[in-house]
Amino acid sequence: MKVTYYGHACFSAEVNGKTLLFDPFISFNELAKDVDISEIHADYILISHGHEDHLADAPAIAKRTGAKVISTPEITGWFARNGVDNSHMMNTGGRFHFDFGSVKCVSAVHSSGLPDGGYGANPIGFVIEHDKGAFYYSGDTALTMDMKLIPVICKKLDLAILPIGDNFTMGAADAVLASDFIECNNVLGVHYDTFGWIKIDHEAAVKQFSDSGKRLTLLNIGETKEL
Ligand code: NI
Ligand code: MN
């Protein structure tokens, strides 16, 4: 599957000819200053939780592209307050079939809260299942036993997108265990380096995965790769 990394926890994935964009936070990210958000394509925008570093650029991209926003009711409500009505509400445990495949919302252990002070409710992760495979984006989360349910209730994952920056989320060591829990050894790392508190040693993180027989990919911002 073709994945493009836009920095922090933002990436897009091409699924059955549709572009799914996750957690856009680009124009406020100094590391992503070479990415022009007016050139980002999206058919769907999926938002894991209400923190600014996961949705700051989403209303602008949704308005320009007409992409449908998929998130919890509390977050789609914030989009409506920001002029974006094209949305689909889901919540933890729910699965819905879209034209590209299905989205299953799974639990994430984190907090949430909207930029306007609104109630952000619980954060979520997403499992995307399609005719050629499945992938998991955990969103911001701690390592949690709930991850063990994913291989039981979802199709076999061929890619997992996991935070590895520590401080706010799992660090690399916990992400290695997460990859055991979800039974997926092909991991794209996100949510690192953006702020001082989450700067990581890339080589050490990659080694932690390879020592366990797993592959951690770290993409350059703006890079597209088949994963
Ligand atoms: Ni967060
Ligand atoms: Mn975050």
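The values are calculated or read from the model by the stated rules, or taken from the named source; none is laboratory data. Everything numeric here is computed off the predicted structure, so don't read it as measured data. Please note: Cβ atoms are built from the backbone with ideal geometry, for glycine as well, and neighbour counts cover all protein chains shown. These area figures cover heavy atoms from the full protein model, side chains too; ligands, DNA and RNA do not enter into them. Shrake-Rupley method; radii C 1.70, N 1.55, O 1.52, S 1.80 Å.
Starting from the eigenvalues of the Cα gyration tensor, five times each then square-rooted, give me the equivalent ellipsoid semi-axes of segment 88-186, largest first, whole Å. Numbers along the way, then the final one.
Working: eigenvalues 88, 74, 21 Å².
Its equivalent ellipsoid spans semi-axes of 21, 19, 10 Å.
Of HIS88, HIS130, HIS97, the residue with the greatest mean-square motion in the GNM of the chain, using alpha carbon springs below 10 Å, is HIS97. Computed over protein heavy atoms with a 1.4 Å probe, the accessible surface of segment 2-218 works out to 40 Å² per residue. Of the residues THR141, LEU177, HIS130, the one whose Cα sits farthest towards the positive end of the charge dipole of segment 128-198 is HIS130 (charges of +1 on Lys and Arg Cβ, -1 on Asp and Glu Cβ, taken about the Cα centre).
Measuring nothing but protein heavy atoms, the accessible surface of the chain at 1.4 Å probe radius is 50 percent carbon and sulfur.
If you bin all the Cα-Cα distances of the chain at 5 Å, starting from zero, the percentages per bin are 1, 7, 16, 21, 23, 18, 10, 3, 1, 0. Separation of the alpha carbons by more than 21 angstrom is noted, of LYS104/LYS199; LYS33/LYS104; LYS18/LYS132, for LYS104/LYS199; LYS33/LYS104. The magnitude of the dipole of segment 4-137, with charges of +1 and -1 set on the Cβ of Lys/Arg and Asp/Glu and taken from the Cα centre, is near 360 debye.
Assuming charge only on the beta carbon of Lys and Arg (+1) and of Asp and Glu (-1), the dipole of the chain about its Cα centre is about 560 debye to the nearest 20. Scalar couplings 3J(HN,Hα) for segment 101-112, obtained by applying the Karplus form with A = 6.51, B = -1.76, C = 1.60 to θ = phi - 60°, are x, 10, 10, 10, 8, 10, 6, 9, 9, 6, 10, 7 Hz; x denotes Gly and Pro.
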